[in-house]
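**Q** Below are the structure tokens for one structure; questions will follow.
The values are calculated or read from the model by the stated rules, or taken from the named source; none is laboratory data. From a predicted model like this one, the values you see are computed outputs, not experimental measurements. Please note: Cβ atoms are built from the backbone with ideal geometry, for glycine as well, and neighbour counts cover all protein chains shown. These area figures cover heavy atoms from the full protein model, side chains too; ligands, DNA and RNA do not enter into them. Shrake-Rupley method; radii C 1.70, N 1.55, O 1.52, S 1.80 Å.
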Amino acid sequence: MSLVTLPKSYSPSEHEPSVTARWESAGCFHAEPGGAGEPYSVFIPPPNVTAALHLGHALNNTLQDVLVRVARMRGRNTLWMPGTDHAGIATQSVVEKRLAQEGKRRTDFTREAFVERVQAWKNEYEAVILSQLRLMGASCDEARTRFTMDPVCTAAVREAFFRLFQDGLIERGKRLVNWDPVTQTALADDEVEMEEVDGHFWYLRYPLEDGSGHVTVATTRPETMLGDTAVAINPRDPRAPALRGKRVRLPIVGRIIPIVEDDYVVMPLALGGDPLDAKAQFATGFLKVTPAHDPNDWELGLRHGLEAITVMAPDASISDRHGWKDCSDEARPFCGMSREAARAAISQWFKANGLLEGVKPYRHSVGHSYRSHVPVEPYLSDQWYVKVTDPRLAHSALSAMADDQFDGVRPPTTRRLGDGGLRFFPARYARTYQQWHEGIRDWCISRQLWWGHRIPVWAKAFEPGATPAQGAWESKGASELRRTLSDGRIELFVCVPESRDQAIVPELVAQGYTQDPDVLDTWFSSALWPLSTLGWPVGARFSMEGMLDTFNPSAVLSTAREIITLWVSRMVMFNRYFMGGRLPFRHVFIHCVVQDGFGQKMSKSLGNGVDPRDIIATHGADAMRFVLTQISTATQDVRLPVDVLCPFTNQAFAPQTTTTSSGHVVAAPTQTCPTDPSKTMVSAFGAATGVAEPTRERPLARNTSARFDIGRNFANKLWNASRFALAQLPSDAPAPVSDSAVAPARLIDRWILSRLARSVSTINASLAEYQFNPIADALYDFVWRDFCDWYLEAIKPTVKSDPVQQAILRAVLDAILRLMHPVMPFVTETLWDPVRSIHRAKVTGLDLPLSELCATARWPEPAASLVDSAALAQFDTVQALVLAIRNLRGERKVNDRRKVVLHATSGALALVHAAAGVVETLAGLERVVGSSEPRPGTAVALAFMGEELFVSALVDQVDLGAERERLASVIVDRERAAGGFRGRLSNAGYLAKARPELVEETRRLLAQAEADADAAKRTLDALTASVGG
RNA sequence: GGGCGCUUAGCUCAGCGGCUAGAGCGCUGCCUUUACAUGGCAGAUGUCGCAGGUUCAAAUCCUGCAGCGCUCACCA
């Protein structure tokens, strides 16, 4: 291919689809257990099927793809497992929201019909997500794409649940859960968000039973008093002895409840309470105890054997139908009220009856559902728990940590498989992981939803003495759990493994057992992802033999900070538990957060996410990937100011913004064309949140961002550099120089090969540490600055006639395409064919085996011997000389085409000769002459490396005033520098303690600065003399 | 309240003991020279948040302070 056949600029949309098609037809992303090379696997964090991916996902997937593509090029047997997550509550919520727009509710459907609706949503968004991954060039093994509710994943969930059940690690508990009264399901602790709210403290008087007075309790939730079963006081409280054994009559309800003593109770300030404890300022010393509606009260209730009385319905309205037996006539009017209404009504009742001692405003944080955003109600209910506090799980997660990342001393134990093998990048996240496990609590896994993995447990309650014989179901292959109910009956739970479904379930149903209606927490199936996607435990059934042993553990999990506790932890515990200690992955890489232009995290729920397809449309996939790689730093989350692309004019503009009720700044749902106010459009935010529907007259406006311009320009630069290089290397050129490898002869060639080798070292070192920004910078510097700006410009006069240089140019270009490929796969694959087809000769120390596709080409590993330190140092000086001459030209505004003459002293002359024409080419020199040659009066002086050089033919007329000014400023600058070095060298401490080579270097720099200043001074004197003073 | 991070050029960010503190964008001037105007060449712009300390040497390490952000915990 020649220059003529490649267009002048790179147009991503013209090449991306065909490149994707070539990868697909080659099947080069498909991995098999028997494949060549050491296995390397990565599991994609399966995105939720709730919505399309945004740039945060694009960032994570780009970084994974970089790792995966490098591994593949290094000859590893590489698997990148793609897939999506059913995201129980999130997906059910979006579908329910959609139904609500039609005026329908979930309960208007049968469970099956509703699940079908969700399934349809899932199908739609799964397709969108997979197509987004393909568009951004993610080299996933598409044939192995998984969904967390696939039969193969379901099999893993069933097996895991059964084994944990059988091993006593799953239990049924009546405990306080975080209850979402809107979605009416239990939430895990981490699904609760704390939000600051303005509330009040109400001071309520509870009369003593014996009429001898009252106690005053302080509460933020008066409505829960209906369920109070005690009042607590600190045993150190001086009032405690007098009250010992006394009881109070609960207002409204009339319930007689005890006063108990517990040191959990905060003492009021007046009685010596801790002044640093905010509660002490508000405390009365008496605490109302509502075990059924407060987690701390629940604990306190357990300690004192108190009854827990639930006074609310699942929708958090006051109700006497959920375990509240002693509802009085006085209390009955409150039934049916919402929490908020009851709070007002009950405080009003206390006021009306003279029992309200006071009210104080109080700002505090209250748990809200991350899904429905209403306050979570601590609610007593029956749920399934995984006992992750059991050492078999919690301890295993901690012992997995790498020794040097574990904070503190760990107890000496016998090492087992996987111990000490888990490493975090950046290392500081190990602490997050460790602290979470040290404070871990049992994991509530049942969710009162319809979308998810149905809990495989069948239950029936029996009268005492009527229960089936112990182990009756176990003999058939199931597992049993018994529990005594509060009414004395025995509840029998039977957990059935999937393999015994047909044998046991019909019998259970016939005997009146019913399956638990709930589904499992989504993270239960996510926790099995590295196992379930590989066919555990039924690989043979799904023709996946060997997958598990080959690709588990994976190399690295790449994910976001908040996922450490939600997912990383649980994968480690489960993988280790089911696989004899084996880790799910060796490394955990935590990437930075992509924020919008206002510093807010991009999120699906806020609707401020940018669709990667928008960026691909305006800049191309490679541009997006390069910039995402470049902005991935270890400590800094990244802001991405987003513009709106007007669909009428195709011009980008900063959107008008609006502030949401939650205080977030977002693009307004509709935008107006800045150049034509009659035209309006719907922003991506408007469409994502459903606030504004795009129409023909008011179309959807895509997002874009100028941040991606660098990537687009870089892809184009690479394209044109390749185009130029190809023109120098015609395919009909003479045969290879020789069969033996070519070694560089010219300084410029030795330099570019050294720079290549150095760049590869930098990239490899950064890859090993998951530092992506330095990779992008190294590529950019090497390709743009070294290769394009210096090398290609320098070889223009010589390459056409120098076969050795041609071989080196081809090899360097070939290596560049390989190095760039993981970050910019499309443009490199497009250029690969023409580059690989031109004639080749081996270059010593740079082995680049032929390959059909760039995607499967060998990763360059230049020999260490390719780094020529002398060439690097000498070319540094060449660059300094070129820059000095260019600087002169720039100052004099010399036309680029005007050739000048350099009058060089011996040192500079030697340098120019060593560079063999490069200085002349890059500095625009007509010729270089010795300083003994006569020079014209228009010659301008140049202080360089302590020598006094002149440049002539620069200008026709020397402006003596300007010249004097310039020389004076050179002298000032050089003397200032010399002063700095002198100061350092006159410091005895520096001479004594700094590294000797550093001192030596400073001496050299001082000598040079002084010589430069002297040279400039001499020139200035001569100038003054020639003018005649 | 605990933990973590951030504060460097107008903007977005690198650098994290030692060359005269960098990049991209933006800005100024010159250049449409046959790879690239999505370009080339040159240039201007910084008391590295503030105050102490350690060191021969601090943007870089330590302490304190101020501001911003994330995260965990806590609803008397």
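**Q** Could you tell me whether the stretch A:896-909 includes any residue that is of a type in the set (Lys, Arg) and more than 16 Å from RNA strand B (Cβ to nearest atom)?
**A** The answer is no; no qualifying residue exists.
**Q** Since residue A:32 meets every condition but one in (1) of a type in the set (Asp, Glu); (2) over 30 Å from residue A:454 (Cβ atoms); (3) open to solvent by 10 Å² or more (accessible area, probe 1.4 Å); (4) assigned to a helix (DSSP H, G or I), which condition does it not meet?
**A** The failed condition is (4).
**Q** Another question about this same structure. Scan the helices (runs of 4 or more DSSP H) fully inside the stretch A:47-139 and keep the ones with 2 or more residues being closer than 30 Å to residue A:23 by Cα and not small (Gly, Ala, Ser).
**A** Counting at least 2 such residues, we get A:55-73, A:111-135.
**Q** Is there any pair with a first residue in the stretch A:520-544 that is farther than 26 Å from residue A:385 by Cα and a second that is open to solvent by less than 20 Å² (accessible area, probe 1.4 Å) and small (Gly, Ala, Ser) whose Cβ atoms are under 7 Å apart and which are 6 or more apart or on different chains, and what are they?
**A** Every condition considered, the pairs that remain are A:542/A:535; A:544/A:535.
Let's see how each residue does on (1) closer than 20 Å to residue A:950 by Cβ; (2) outside the structural domain of residue A:960 (by TED's automatic domain parsing); (3) surrounded by fewer than 16 Cβ atoms within 10 Å (Cβ to Cβ); (4) of a type in the set (Asp, Glu):
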position	(1), (2), (3), (4)
A:988	no, no, yes, no
A:1000	no, no, yes, yes
A:1012	yes, no, no, yes
A:1018	yes, no, yes, no
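**Q** Just for the stretch A:626-645: of the residues that are within 11 Å of RNA strand B (Cβ to nearest atom) and among the aliphatic types (A, V, I, L, M), which one is surrounded by the most Cβ atoms within 10 Å (Cβ to Cβ)?
**A** Ranking the candidates gives A:627 first.
**Q** What pairs come out if I take residues in the stretch A:208-224 that are of a type outside the set (Ser, Thr, Tyr) and pair them with residues that are loosely packed, with under 15 Cβ neighbours inside 10 Å and not in a loop (DSSP other than H, G, I, E, B) whose C-beta lies under 6 Å away, six or more apart or interchain?
**A** Pairs that qualify, where the first residue is of a type outside the set (Ser, Thr, Tyr) and the partner is loosely packed, with under 15 Cβ neighbours inside 10 Å and not in a loop (DSSP other than H, G, I, E, B), are A:209/A:256.
**Q** Among the strands (runs of 3 or more DSSP E) confined wholly to the stretch A:389-505, which include 3 or more residues that are more than 28 Å from the chain's Cα centre (by Cα)?
**A** Filter on the stretch A:389-505 gives A:457-462, A:479-484, A:490-495.
**Q** Here is a follow-up. Consider residue A:840 carefully, then state whether it is modelled with pLDDT under 90, open to solvent by 10 Å² or more (accessible area, probe 1.4 Å) and touching a helix residue (DSSP H, G or I) at 6+ places or on another chain (Cβ under 9 Å).
**A** For residue A:840, the condition - modelled with pLDDT under 90, open to solvent by 10 Å² or more (accessible area, probe 1.4 Å) and touching a helix residue (DSSP H, G or I) at 6+ places or on another chain (Cβ under 9 Å) - is met.
**Q** Take the conditions in contact (Cβ under 8 Å) with a residue 40 or more places away in the chain, away from RNA strand B (no atom under 13 Å from the Cβ) and open to solvent by less than 70 Å² (accessible area, probe 1.4 Å) and apply them to residue A:233. Does it pass?
**A** When the stated conditions are applied, residue A:233 does not pass them.
**Q** Looking at residue A:546 and the list (1) open to solvent by less than 30 Å² (accessible area, probe 1.4 Å); (2) out of contact with any strand residue (DSSP E or B) (no Cβ under 6 Å at 6 or more places or on another chain); (3) over 30 Å from residue A:429 (Cα atoms), which single condition is not satisfied?
**A** The one condition residue A:546 does not meet is (1).
**Q** Let me ask another. Being open to solvent by 60 Å² or more (accessible area, probe 1.4 Å), among the β-branched types (Val, Ile, Thr) and within 14 Å of RNA strand B (Cβ to nearest atom) is the filter here; which residues of the stretch A:646-673 pass it?
**A** A:659
**Q** Something else about it: Find all pairs meeting these conditions: Cβ atoms under 7 angstrom apart; at least six residues apart or on different chains; first residue within the stretch A:172-191 and within 18 Å of residue A:319 (Cα to Cα) and open to solvent by 50 Å² or more (accessible area, probe 1.4 Å); second residue aliphatic (A, V, I, L, M) and within 11 Å of RNA strand B (Cβ to nearest atom).
**A** Going by the 7 Å Cβ cut-off, the qualifying pairs are A:182/A:374.
**Q** On to the next question. Would it be correct to say that residue A:689 is away from RNA strand B (no atom under 16 Å from the Cβ) and more than 16 Å from residue A:651 (Cα to Cα)?
**A** Numbers: away from RNA strand B (no atom under 16 Å from the Cβ): yes; more than 16 Å from residue A:651 (Cα to Cα): yes.
Yes; evaluated as a whole, the condition is true for this residue.
**Q** Here's something else I'd like to know. Somewhere in the stretch A:812-827, is a residue under 30 Å from residue A:62 (Cβ atoms), open to solvent by 10 Å² or more (accessible area, probe 1.4 Å) and more than 32 Å from the chain's Cα centre (by Cα)?
**A** Taking every residue of the stretch A:812-827 in turn, none turns out to be under 30 Å from residue A:62 (Cβ atoms), open to solvent by 10 Å² or more (accessible area, probe 1.4 Å) and more than 32 Å from the chain's Cα centre (by Cα).
**Q** Could I ask something else about it? Counting just the residues of the stretch A:348-363 that are surrounded by 15 or more Cβ atoms within 10 Å (Cβ to Cβ) and within 14 Å of RNA strand B (Cβ to nearest atom), which one comes out nearest to residue A:226 (Cα to Cα)?
**A** At the first step, the residues of the stretch A:348-363 found to be surrounded by 15 or more Cβ atoms within 10 Å (Cβ to Cβ) are A:349-350, A:355-357, A:362.
Now narrow it down to the ones that are within 14 Å of RNA strand B (Cβ to nearest atom): A:357, A:362.
Details: A:357: 18, A:362: 22 Å.
Within the stretch A:348-363, the match that is nearest to residue A:226 (Cα to Cα) is A:357.
**Q** Output the residue which, of all residues in the stretch A:268-283 that are surrounded by fewer than 21 Cβ atoms within 10 Å (Cβ to Cβ) and assigned to a loop (DSSP other than H, G, I, E, B), is modelled with the highest pLDDT.
**A** Checking each candidate, the answer is A:268.
**Q** Collect the residues in the stretch A:325-347 that are in contact with a strand residue (DSSP E or B) (Cβ under 6 Å, 6 or more places away or on another chain) and open to solvent by less than 30 Å² (accessible area, probe 1.4 Å), keeping them in residue-number order.
**A** If the condition is that a residue be in contact with a strand residue (DSSP E or B) (Cβ under 6 Å, 6 or more places away or on another chain) and open to solvent by less than 30 Å² (accessible area, probe 1.4 Å), then A:334, A:342, A:347 are the ones that fit.
**Q** Follow-up. Exactly one condition in (1) within 16 Å of RNA strand B (Cβ to nearest atom); (2) among the small types (Gly, Ala, Ser); (3) in contact with a Leu (Cβ under 9 Å, 6 or more places away or on another chain) is false for residue A:845; which is it?
**A** (1)
**Q** Another one. Taking the residues in the stretch A:738-793 that are within 14 Å of RNA strand B (Cβ to nearest atom) and hydroxyl-bearing (Ser, Thr, Tyr) as candidates, determine which candidate is nearest to residue A:872 (Cα to Cα).
**A** Applying the filter and picking the extreme gives A:791.
**Q** Residue A:594 passes all but one of (1) within 18 Å of residue A:709 (Cβ to Cβ); (2) more than 12 Å from RNA strand B (Cβ to nearest atom); (3) at pLDDT below 90; (4) surrounded by 22 or more Cβ atoms within 10 Å (Cβ to Cβ); which number fails?
**A** Answer for residue A:594: the failing condition is (2).
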